[in-house]
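Quick note: the coordinates plus some simple rules give every number you see, no bench work behind them. This one's a predicted model, so the numbers in the text were calculated from it and none came from an experiment. Heads up, the Cβs are rebuilt from the backbone with ideal geometry, glycines too, and the neighbour counts pull from every protein chain shown.
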Amino acid sequence: MPIILNYSNRFIHNSVQNITTTLKKLFYLWRRSQVPIKLPIKISKIDNLIIFLICILISIISSYKLLLISPLNISDISSWLLTFSEALVSSGVLILVSKRENPTITSRQIILLITLLLSVQASKLALGSTISPLSIIIPPALIISQGMGSITALTWVSIASLSWPESAITINNNLFFILLICASIVSLLGGRIRSRAQLLQLSIFVPIGSFLSQWIFIGENKISLIDKQEFIFANDNIFSDSFLLAIVMLFTILFIPIFESIFGLLTKARLLELADKEKPLIRRLSIEAPGTFEHTLLICGLAEEATRIIGGDIDLIKTGALYHDVGKLHAPNWFIENQDGPKNPHDEIDDPIRSAEILQAHVDEGLKYARKNRLPKPIANFIPEHQGTLKMGYFLHKAKEKNIKINENDFRYKGPIPQSKETAILMLADGCEAALRAMNINASDQEALETISKIIYSRQKDGQLDDSNLSKGEIYLIKRAFLNVWKRIRHRRIQYPTAKNNTFS
């Protein structure tokens, strides 16, 4: 009996230990498969001070009327302190949400975000009794959603709608509901709109929607098409409210390009404009470096498919891919895809170190072209990050063959390594494109997948993807996307018969 009990205890102990070990392994694998935490960009102390002072101003504007009560008592001071704290905390939450949605957000964009909140709070005090809250809240929401994302815009709308300075304006509950619905629609659609024409449509349909909603929920008695001199600033008139909203939204659309330039906002519409192949820099690339341009278009196909499958920013990578190699314009013939004959300038100089410097120059010159053509920073980032700190393997091998005493770092690009999913995908597409094109047309899918996996694994092992925010699951999906693109482009062609005076198509 004791033997049976001992055996039973040992069995239970081993079973529990095996289960515990299995759970630990599963938890470890799950944790490793998750997206690494992306640290936000550090903001300077001066910018932090400016941001804090603007937040203080927002809190003062939101609460100062509570201190104008005479005589003041403890409950009044407590009420003021509570309102002041709420406004300050709300501003802090807004900044945290914006950083969470977009870790690469800059101090200029944060300043724009809270300055818009400050402007709205001041407008409520100055114009709250004469202008509809729709015209105060909705236009800034459009700017924020276009340049910083829908979640940030929705958070801003919530704070701006709920925080009204004391006695500024009494909002009808139905009007408040319509305000939230219209502002939320603008916030959600604004982050997805991809052209100026769609923005124009939004500026027409939203005011019409607000007009119909107010007509249904507030009443017909507040509609008047002609109201003498107070037509625009008639706060209680439904038609004038909607008309003013349409005018303000149209002016907002006109000023969005200015905000893009001053605050570094990158909207979908701006990305599509930059992706126009008739842009001077892209046109130059197609004429002066046709091989590089063709290589760029092939990479675009790979990168776009991979970005789509992981839910990344397709417009960003499509545009970034077009500009990633513009630095080769400084000396197109030094790159093999642009060489038309058997002569290779690198063979003539016969100096691996000098050749490595020329390769690095295409990154440095590319950044100069980006500054000269005023490319947005997220697009310019593709130029150095698509090469990261990769080795220039061919010339490193040549230097070793010549027994030159070298430092391996002299044959690495200066970096930085990819700092976003999109630039990392472009690096992987750049590495896989040439290898996939060179494969035999009869190669199997498995052979192609192995080639892709080897290239991607070499980048991972070299630490090039450490800051990219790509999870293991996403890397797997990227491999499958590259394979799908390869399967589409490696189709066979039938050899058509030809006769002396006849051809077949």
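Taking 4 °C and 1.567 mPa s as the conditions, I'd like the Stokes-Einstein D for segment 45-269 in µm²/s, using the Kirkwood hydrodynamic radius from alpha carbon pairs.
Values: Rh = 18.2 Å.
The estimated diffusion coefficient comes to 71 µm²/s.
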Among all the aspartates and glutamates, which ones have a C-alpha under 15 Å from Lys405's C-alpha, if same-chain residues fewer than 8 places away are not counted? Asp351
With +1 on each Lys and Arg Cβ and -1 on each Asp and Glu Cβ, how big is the dipole of segment 275-489 about its Cα centre, in debye rounded to the nearest 20? 300
Rh_Kirkwood(segment 51-150) over Cα pairs, Å, one decimal, evaluates to 14.7
Pull up all non-local amide H partners of Ile131: gap of 5 or more, or a different chain, and H-to-H distance under 5 Å with H placed in the peptide plane. none
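Could you calculate the FRET efficiency of Leu67 with Leu200 from 1/(1 + (r/R0)^6), where r is the beta carbon distance between them and R0 is 56 Å, rounded to 0.05?
On the way: r = 44 Å, r/R0 = 0.79.
With R0 = 56 Å, the Cβ-Cβ based efficiency is 0.80.
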Do the alpha carbons of any pairs in Lys377/Lys461; Lys421/Lys472; Lys42/Lys372; Lys268/Lys479 sit beyond 24 Å of each other, and which pairs? Lys377/Lys461; Lys42/Lys372; Lys268/Lys479
Taking a cut-off of 23 Å between Cα atoms, list the lysines near Lys65, but don't count ones fewer than 8 places away on the same chain. Lys124
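Over the alpha-carbon set of segment 326-455, divide Rg by the Kirkwood Rh and report the Rg/Rh ratio to two decimals.
Numbers: Rg = 16.3 Å, Rh = 16.4 Å.
Ratio of gyration radius to Kirkwood radius for segment 326-455: 0.99.
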Straight-line reach only, C-alpha to C-alpha below 20 angstrom: list the lysines that Lys343 could link to, leaving out same-chain residues fewer than 8 apart. Lys328, Lys398
Can you tell me the length gained on complete extension of the stretch Asn174 to Phe251, counting 0.36 nm per residue apart and subtracting the Cα distance? 25.0 nm
What is the Cα coordinate range of segment 314-390 on the first, second and third principal axes, sorted by size from largest, in whole angstrom? 40, 24, 23
Collect residues whose amide H, placed 1.01 Å from N in the peptide plane, falls under 5 Å from the amide H of Arg412; neighbours closer than 5 in sequence don't count. Met392
A correct Karplus calculation of ³J(HN,Hα) over segment 319-331, with 6.51 cos²θ - 1.76 cosθ + 1.60, θ = phi - 60°, whole Hz and x for Gly and Pro, returns 6, x, 5, 5, 9, 5, 10, 5, x, 6, 5, 6, 7
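Taking R0 as 51 Å, what's the FRET efficiency between Asn48 and Phe217 from their Cβ-Cβ distance, rounded to 0.05?
Working: r = 43 Å, r/R0 = 0.85.
Given R0 = 51 Å and the Cβ-Cβ separation, E is 0.75.
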Suppose R0 equals 56 Å. What FRET efficiency, 1/(1 + (r/R0)^6) with r the Cβ-Cβ distance, do Ile262 and Ile77 give to the nearest 0.05? 0.90
Calculate the spin-label point distance for Ile404 paired with Ala434, positioning each point 7 Å from the Cα along the beta-carbon direction, and give it in nanometres. 1.8
